[in-house]
Amino acid sequence: MEPMSMKRLMMVAALAVAQSGCVSAQEDAPVVFSNVLALSGSPGGSCAPDTAKFISQGSLDLAGGGNYQMAVRVRSTIPVARTVLVGETPTLVGGESVTLTEFVYRYEASPDLGLPEEERVATNAVVPAGTTSDNSYVPLTAFGPLALEKLRAAAPAYPGVSVISYIKARGRLGSTSNAESNEFSFPVQVFASDCESKPLTAGICNFGQDVRSACGPAPTTP
């Protein structure tokens, strides 16, 4: 799938069972992630989030070969720049952007598949002060490359295994201060179909995403 393009300020990017996605209560974090938006589009074609709908879980058929794609609402708790009086002195406050430099993943799977305890994935994205979640979201994958490799080697056939990804971002506030977002979680039902003699036909934005199987019926012999 082609990366989703930047929307207003940016899009920085991914999770199936009884548990639903949730967000930790770190409302004082400078950057706050919230709902995972529903995606629409076909594999290899356009892919866009629906800002009016969000999802609480997902599924991924690894026979499709891809990662689980997400669009996560994001907002800044830092106000836009404004001048206030400190005593009798006009002082500029707020207005600092947060530059995200990495996403930190951890996982919970049942049964245990030996996924990494923690995984970091580099990124480079800026969240301006005053950003609201109305039309700002980050493109993200549910799994880092190490976890995805483990899942491809060990995921069973449908119904597969439940994997919950816990994700947060780290970066810089302004030019020097360290910054960290809240942590959000999202569950994905991961499995692997046998598509060896069948074409890949199904998926939302990505073959195997949010469908019962990535593969269609075997081709008929004329």
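Among residues that are open to solvent by less than 70 Å² (accessible area, probe 1.4 Å), assigned to a strand (DSSP E or B) and modelled with pLDDT under 95, Val72 is not included. In region 185-207, what residues are open to solvent by less than 30 Å² (accessible area, probe 1.4 Å) and among the aliphatic types (A, V, I, L, M)? Listed by number, the residues that qualify are Val188, Val190, Ala202. The single residue among Gln57, Gln26 that is modelled with pLDDT under 90 and either within 15 Å of the chain's Cα centre (by Cα) or farther than 17 Å from Phe143 by Cα (or both) turns out to be Gln26. In region 44-69, the qualifying residues are those that are open to solvent by 30 Å² or more (accessible area, probe 1.4 Å) and in a loop (DSSP other than H, G, I, E, B), and the one that is nearest to Pro159 (Cα to Cα) is Gln57.
A count restricted to region 174-184 and to residues that are assigned to a strand (DSSP E or B) and crowded, with 20+ Cβ neighbours inside 10 Å stands at 2. Look through region 208-222, keep the residues that are in contact with a Pro (Cβ under 9 Å, 6 or more places away or on another chain) and surrounded by fewer than 23 Cβ atoms within 10 Å (Cβ to Cβ), and return whichever of them is nearest to Asp61 (Cα to Cα). The qualifying residue nearest to Asp61 (Cα to Cα) is Cys215. Taking region 120-160 only, how many residues are among the small types (Gly, Ala, Ser), open to solvent by 50 Å² or more (accessible area, probe 1.4 Å) and either within 17 Å of Glu108 (Cα to Cα) or not in a loop (DSSP other than H, G, I, E, B) (or both)? The qualifying residues number 2.
The values are calculated or read from the model by the stated rules, or taken from the named source; none is laboratory data. Since the structure is predicted, the reported quantities are computational estimates derived from the model, not experimental observations. Counting neighbours? That spans all protein chains shown, and the Cβs are built from the backbone with ideal geometry, glycine included. For accessibility, only protein heavy atoms count, side chains too; no ligands or nucleic acids. Shrake-Rupley method; radii C 1.70, N 1.55, O 1.52, S 1.80 Å.
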